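Inspection log for the structure reproduced underneath, given as structure tokens.
Each value in this text was obtained by applying a stated rule to the coordinates, not by laboratory testing. Please read these numbers as outputs of a predicted model, since none were measured by experiment. In this analysis, Cβ positions are derived from the backbone assuming ideal geometry, glycine residues included, and neighbour counts consider all displayed protein chains.
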Amino acid sequence: MARIVSGGGWFSRWPVVRQLKGEDGRSDAARSARTDALTPRIQEADKVARSVCPYCAVGCGQLVYVKDGRVTQIEGDPDSPISRGRLCPKGSASKQLVTHPGRQTQVLYRRPHGTGWERLDLGTAMEMIADRVVRTRRETWQQTHEGKVVRRTMGIAGLGGATLDDEENYLMKKLYTALGAIQVENQARI
């Protein structure tokens, strides 16, 4: 059996190794002015932000490269103890979440029995949601049930998702508890 020896042997005679080391006369045949002009997409970034992939509960680390306020590239974070620089196909394509031209950037609302969507400003949408939460809590509040003090609402429920981190899940649980909701579940556990 052949051994790989750093000073020679069959490995150093392998054509691809000779090309990479510059010892092969054909090494320039694979080069062109276009090849030499190419630079990595991350080279010209103004800043790099550390993030976590939003697709699943694994929490793979990401490096988000930004130039002129726009995301230019997203790659795996080699310092992440979870993913060690690797991303699955979904995580590798996560740049599209913020740069795809079809991404919705406005609140869309369809009225009850409506057939079309209308645009709302964020403030109006948040007020509508808050009003409905307060009204639902007030209309469905139970102080007692079958003679026992329960202080709850059965009209509000919460379902978390696998992409939420611990802090987000903690805050959601605190919010639902403060509202009196007892039907709180997480999709990651289902």
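For residue 66 and residue 170, the FRET efficiency from 1/(1 + (r/R0)^6), where r spans their Cβ atoms and R0 equals 35 Å, is about 0.75. Taking a point 7 Å from the Cα of residue 111 along the Cα-to-Cβ direction, the residues of the stretch 123-156 with backbone N closer than 18 Å to it are 124-129, 132.
Restricting the trypsin sites (Lys or Arg not before Pro) of the stretch 54-134 to loop positions (DSSP other than H, G, I, E, B) with no more than 11 neighbouring Cβ atoms within 10 Å leaves 103, 110. Using a 4.7 Å Cβ-Cβ cutoff, the cysteines of the chain lacking any partner cysteine are 56, 88. Across the stretch 93-134, Cα-Cα pairs more than 12 Å apart make up 69 percent of the total.
Taken along its principal axes, the alpha carbon cloud of the chain reaches lengths of 89, 44, 30 Å, longest axis first. What FRET efficiency comes out for the pair residue 127/residue 37, r = Cβ-Cβ distance, R0 = 41 Å, nearest 0.05? That pair, residue 127 with residue 37, gives E of 0.15. Every helix of 4 or more DSSP H residues in the chain counts as -39500 (n - 2.57), and over all residues that averages to -8000 deg cm²/dmol at 222 nm. Candidate cross-link partners of residue 95 among the lysines, defined by an alpha-carbon separation under 27 Å and a same-chain spacing of 8 or more, comprise 47, 67.
For the stretch 107-186, the fraction of alpha-carbon pairs lying more than 17 Å apart is 60 percent, rounded to a whole number. Within the chain, DSSP assigns beta bridges of which about 80% are antiparallel (rounded to the nearest 5). Relative to the current alpha-carbon distance between residue 150 and residue 104, full extension at 0.36 nm per residue lengthens the span by 12.4 nm.
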